[in-house]
1. Test of understanding: ordering A:Ser387, A:Ser690 by Cβ neighbours within 10 Å, fewest first, what list do you get?
2. Using only the alpha carbons of the range A:503-554, what is the convex hull's orientation-averaged projected area in square nanometres?
3. Taking just the alpha carbons, could you work out the radius of gyration and Dmax for the range A:140-183, both in angstroms?
4. Just grab the label-to-label distance for A:Gln243 and A:Trp51, each label 7 Å out from Cα along the Cβ direction, in nm (one decimal).
5. Express the C-alpha Rg of the range A:421-466 as a ratio against the empirical globular expectation 2.2 N^0.38 Å, rounded to two decimals.
6. What value in Å³ per residue do you get for the convex hull of the alpha-carbon atoms in the range A:728-842?
7. Treating chain A as a set of equal point scatterers at the Cα positions, no solvent, please give the Debye-formula log₁₀ I(q)/I(0) at q = 0.06, 0.08, 0.10 Å⁻¹.
8. When the chain is fully extended, how far beyond the present Cα-Cα distance does A:Lys776 get from A:Arg185, taking 0.36 nm per residue of separation?
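Bear in mind that the values in this text are calculations on the coordinates, not laboratory data. Everything numeric in this text was worked out from a predicted model, so none of it was measured. With ideal geometry, Cβ positions are generated from the backbone for all residues, glycine too; neighbour counts draw on all protein chains shown.
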Amino acid sequence: MAGPTRPTAGEKVTSIAPAPPSPLDLSESNQGGEQRLGLCVVICAYTEARWALLVRAVQSAFAQTMAPSQVVVVIDHCPALLRRARQELTGLIGPGDERLTIIANTGQSGLADARNTGIGAARAELVAFLDDDAEADADWLMQLGEAYRDPAVVATGGRVVADWEAGRPGWFPPEFDWVVGCTYRGLPEALAPVRNVIGANMSFRRDALLDVGGFHTGLGRVGTRPLGCEETELCIRLASHQQGQRILYEPAAIVHHHVPASRATWAYFRSRCYAEGLSKAKVRSLAGAESALSSERSYLLTTIPRGIGLAWQRGLPARQSAARAIAIVLGVVATGLGYVVGRIRKPDDDTAPNETALSRAVGVVGVAALPLALVLWWLALQHVPLSRMTDIGLVSVLPLTFWAALGALAVGFAITVTRRRSSSARLGAYIVALIVVLHATPELLYGTLQYAWAWKHVSLINDIFQHGRITGHPTGQLAAYQAWPGFFTANSLLLKLTGWTSALSYASWGPLFFNVLYLGPLIMIFRRFTADGRLIWTAVWFFYLGNWVGQDYLSPQAFSYFLYLVVIAICLRWYSPDGIPLRGSGTTTTVPTLQHEPRNRAAILLCIAVLVAAIACSHQLTPFMLISAAVVLVVFRRSSERLLPLVVAALTVGWIVYSSRGFLDSNLHSILASIGHPGANTNSSFISLSDASRGQVLVAKVDRVLSASLWLLAAVGLWRRRRNTRADLPLLLLALSPIPLVLMSNYGGEMVFRVYLFSLPFVAFFAAAAFFPSAKASSSWRWTAGLVALSVVLLAAFSFSYYGDEQVNYFTPQEVQAGQWLTAHAPRGSFVVGPTGDLPWPYKNVQWYTEYWFAMDAKSSRQALLAHPVRTLSNDLTDSSHKASFLVFTRAQTAMVNSQGMMPAGSTAHIEQTVLGSGRFRVVFHNADATILVPARPGARP
Amino acid sequence: VTSAPHAVPPARLTRPTGGSIVLALSGWVALALTFLPGGSVPRAAGAFAFLLFCPGAALVRHWPDKDRLARSVLAVAISMALAVLVSQGLTLAGTTSARLALVVLSIVTSIAAILPTGLGRERSTPS
C-alpha cells in the first residue's frame, strides 16, 4: 500500500528520462494518432524500503493473462527511488518494452496526487490501481475488465487478500481486515454493486475520473497519520456525477496485499480505526451524510453483531474468541471516537486542525451573518422616503439598516470565504443574497419600472408584439433597434406565449434576473483557472461589487453580455491548448480536452455559432467585443480553434450585411469620424464635472475611484500570481481585449463604460488574486479583516455609483400616469417637447413622435430659450408641421437637468412657471410630478 | 487506505430517462397551456420555463462534457439563443405566429431529448 511521503526541504526530482511537464498533462497521448484503448496499471511508490515488494507488484502487473497496454510506476517525491526504478525496473521487465512508464509525481506529495499523475500518464481507456506492496493474480485484469462490458460501469474493485508477513494475529477480526487495506468479512461474495472500491485493488474508466477531477488531495495519508477514504470520496463523487453510473465489486479479481508485522499490532489497529473515523467525518463534510455513511450503517448493524457472534462459534480457543470480540468492540469504539472528534473539529482549515474557541466563534458569525443581513434588509425596505431623494440618488434615503445589511454580508462572506472547505453552497448563498439585496431593492421600493431606456425597450417589445416588427421611420436610435431586433423579437414571443399584453409585467425584474444569470458563466470561467474556492468566489464577489455601470436592465446589452460570458467560458474550457485543469489536485495540473475528436469539435463550434448568431442579431456592440476577444486568444495561441474569430466575424458581418445596412449607411459617417480620436471617445463618456451638481460630482468621482481601485487591485493580484502568468494569460488578454474598441467608436459616449463592463470579469479575478493568489496562500484573520474592510468600502462605493442616478432613473406613479396620458392622447406624428427625454413612455406610438429636448440642445439654443422661454417654445410648438404638439415637464426631467448641470439650477421650474403664466399654453394634464401643455391658440395646428 | 464497500441497489440503466421524456413533452405542454386565459399563472410559468430552459437542456444531453454547472449554463444560454433565432427567423420569413415558433422549438426539443446520447458510451470493452 502506497502511503505517506515525507518530502525534505528543497527536495527536487532529478529528471533522468523525460517526464511529462505536469502531473496530468496528457498532450502526448493525443498526438501521433495514438489511441486510448486497453488497460493501464498504475502503481504508486514512495519509499525504497519496499523495493522488493514494488518489483513483485510490477512483475505481477506484466504477468497478466490479459496483458496491460501500459504500466505506469509513479514515484512520489523520492529521487533515489526514481533513479533506481528507471535503472533497474526496465531491465527486469525487458529492455525496449515501451509499456513501462516510470515518472515522478509532479503534484503535491501524497498518494492522491501520485495517483492523479498516474491518471495523467495513462494512455488507456481503463486505469487500474495496484499498491506497491501488493501482488495481483494472473487473471486480475481480466476479471476487472470483464465488468466494463456494461457501459454504465465506471469503476470496479476486486478482492484484497491479506498476506500477513508474520501470520495473522489470532485476535485480529476478519471484519476489520479493512484496517490493513484488505477485503473484510461482510463484503459480497459475488459480483455486486458497491458504494466504493478498495484502494489496493481498483480500476476506473479514465474519462470518468477526469470528469470528476481525479482524487481529492485533501484526503489520504498526510504525515504520519494514516487517514484514507480518498477512494470512498472519489466513488461518491463518481456516483453522484451522473445518474446511472455503477461501481462494481468483483471478488474474483484477486490481489494479495503484504501486511508487515508492524501493522499486525494493537497500536496500529487502534490508531487506524481512529483515523478511519476522522476520515469518515471528513468525507461526510465533503459528500454529505447520506452517501458518506450509507454503507457504514449496514456494516454496524449487520456485519459487526454477526462478527461478534462468529467469534464465539468458529471453534476458536475461548481466549482468542474473547480477544476477537473485544477487538471488534474496541475497533468500533475507536472508529466512532475518531468520527465524533472529526465532526466536532470540523476541519475547515487543514493548516489549523485545532480550532480555538475564538475561531469557532468567528465561524458562527460566518453562518449567522447571512440571515441577519436578510432580516436587516427586509427591515430597511419598510421605510424609505423616496420623495426625499436628492442628487446622490437612493443613497440619500436608504436607512441605516440597509447599510448594516451590506456590512453583515461583507463580514459573513469574508469569514466564510477565507475558511478553507467552506461549502460552495454557503458561498453561493452569500453571492445570491448580495445580488438580491443590490438589485431587488429598487424594484421592491419603486413599484414602477426604472430607467427611461427600459421603458423604451418595453415599448419596442410591445410594438413587435402588436405589429410583428418595430414600426416607425428608421432614423437615429430607432434604426439601431430595427437593425438588431433579435432580443425584442424573442421577448415578444415570450409575451405572446404568456398571454400578457405588455413586457411591463416582468421588465422591472431585469437587473435581478440578468445578474443571477451571470453567476453561472462567471464560475465556469474562474474555475478554469483555479481550483481554489476562495479565489473563485472572491472573484465573483468583486464582479458584483464592480458591476455598477447599470447595463443589467431589460436590454439587448444585458442579454448579449450573458451570452458573451458563456461563449468565453466555452472557449476557455474547450479551446485551451493546455487542456482542462483537474479540480482538487493543485493549480497546475491539466489534462487534454476531448476537443480534437471531430464530433466534439463540431458540437462545440455549432454551439458557439448558435450563441453568436443570437448575439449578432440582438446587439451591435457585443459581437465586436467577441471578435476582439477571439482574435487575441487565437493570435496569442491561447485558443486551439483557429476558426473561432472567423466564425464570430462571419456571423456578425453576415447579419449586418443582411439586415443592418440601412443603419450603417446613415451612421457610417459618425462612426468613421470618431475613429482615431481616442481622447474624444474616452472623455465623452463622462459627464462634464464642471457643470454637474455637487452630488453628481461626488457620484462621478466615486465611479472613477471604484473602477480604478478594482484595476489597481487587479494589478496587485497579477503580480502576486506572477508564477501563473502563462496559465493566466487568457484572462489577461480578455481583460485587455475590449480596449481597442475605444479607439473605434464612442458609442454615444458610452464606450468607456462598456469596455469596463466587458473587462470586469477578468479584472475581478485578478483583484481577488490579490487576496488569494494560490491555494497555498494564507487564510489568516488578517486577510479576512482586509477583505471585510475592502468589501465594505467597495459596497459603499457601489451604492453611490449604481444608485447615484436614481433621482433621474426612478419614476413616480404620477410620472407614469403622465406618460400613459400622453401616449393615449398624442396621435402619431405628434411633436413632443420637454427639457430631456427622461420620461416613462408606456407608449404605443413613441416611434412615430418627433421629439425635441431643449436642455440637451446646443448651448446657444439653451441660452436663447432661457432668455425668452415663452416666445421660443411657442415658436417651436406652433411653427411645426406636426399633427399635434405637447410640452412636457416632469420631476425626473428637472432632476436630470439640475444634477447634470445642463441648465442653471431652477431653470426648468422657471421656464415652466413663465410658460404657464403666459396664457399661450393650455394645461391638458397635471399632477404632483408632471405637467403637460399644448399651445393655447387653435391656429397652432396647420 | 480502505473503507467499507457495501452492496447498494443496482443503478437504473433504462433509457430514455424520465428527465428526457419530460423534456420531450415540455414544449407540447407549453403549447397546450397557451390555450389557457392570457396571463394565467400556469401559462406564464410554462412559457418562461420552456423558453428559458427546455430546448437547451434537451440539446445539452449531447454535449461532450458532463460538468453539471457547464450543462446548466449552456441549457439556459442555448434556450435563450434559440428563442431569439427561431422568433427572428420566422419574422424574417414573414410570420409572427408565436404558436408556430413554439412548435418549431418543441420539435427541436423533442428530437434532441429522445435521440440517444451515445457520446462516450459505445467504447469497446478492454481486450
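1. Values: A:Ser387 10, A:Ser690 7.
By the 10 Å Cβ count, ascending, the order reads A:Ser690, A:Ser387.
2. Working: hull surface 15.3 nm².
If you wrap the Cα atoms of the range A:503-554 in a convex hull and average its projections, you get 3.8 nm².
3. 14.6, 43
4. About 5.5 nm, to one decimal.
5. On the way: Rg = 16.6 Å, N = 46, 2.2 N^0.38 = 9.4 Å.
Compactness ratio reported: 1.76.
6. Numbers: hull volume 19.7 nm³, N = 115.
Taking only Cα atoms, the range A:728-842 has a hull volume of 171 Å³ per residue.
7. -0.55, -0.85, -1.14
8. Values: separation 591, 0.36 × 591 = 212.76 nm, distance 4.14 nm.
Length gained between A:Lys776 and A:Arg185: 208.6 nm.
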